[in-house]
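First comes the structure, then the notes that go with it.
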């Protein structure tokens, strides 16, 4: 298995509980496709990001480290 690292940005307009649901869905998608999530940073609050994305200059963000077979 290869090691990967990914970051996800989640809309800052979501309630914290909804942002956590999005994060959990991402973990499920990874696992359903054979990946093993090794670690993920805690999803706590929105933070300013370096550049605007879809009209937002802040986001919830989370880094995932996972292992998966290459495609």
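Key figures
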read-out	value
For the chain, built as a Gaussian network whose Cα springs stay under 10 Å, the top-fluctuating residue of 42, 11, 54	54
Folded to 0 to 90 degrees: helix 16-32 orientation relative to the chain principal axis, Cα	20
Förster-model FRET efficiency, 25 Å R0, residue 38 and residue 8, C-beta, rounded to 0.05	0.95
Answer label, with Cα Rg over 2.2 N^0.38 Å calculated from the coordinates and candidates (i) 1.39; (ii) 1.17; (iii) 2.06	(ii)
Exposure proxy ranking, count of Cβ atoms within 10 Å, fewest first, for 39, 68, 23	39, 68, 23
Inter-label distance, nm, simple model (7 Å from Cα along the C-beta direction), residue 45/residue 71	3.6
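All of the numbers you see were taken from the coordinates with simple rules; none came from a lab. All values derive from a computational prediction rather than experimental measurement. Positions of Cβ are generated from backbone atoms using ideal geometry, with glycine treated the same way; all protein chains shown enter the neighbour counts.
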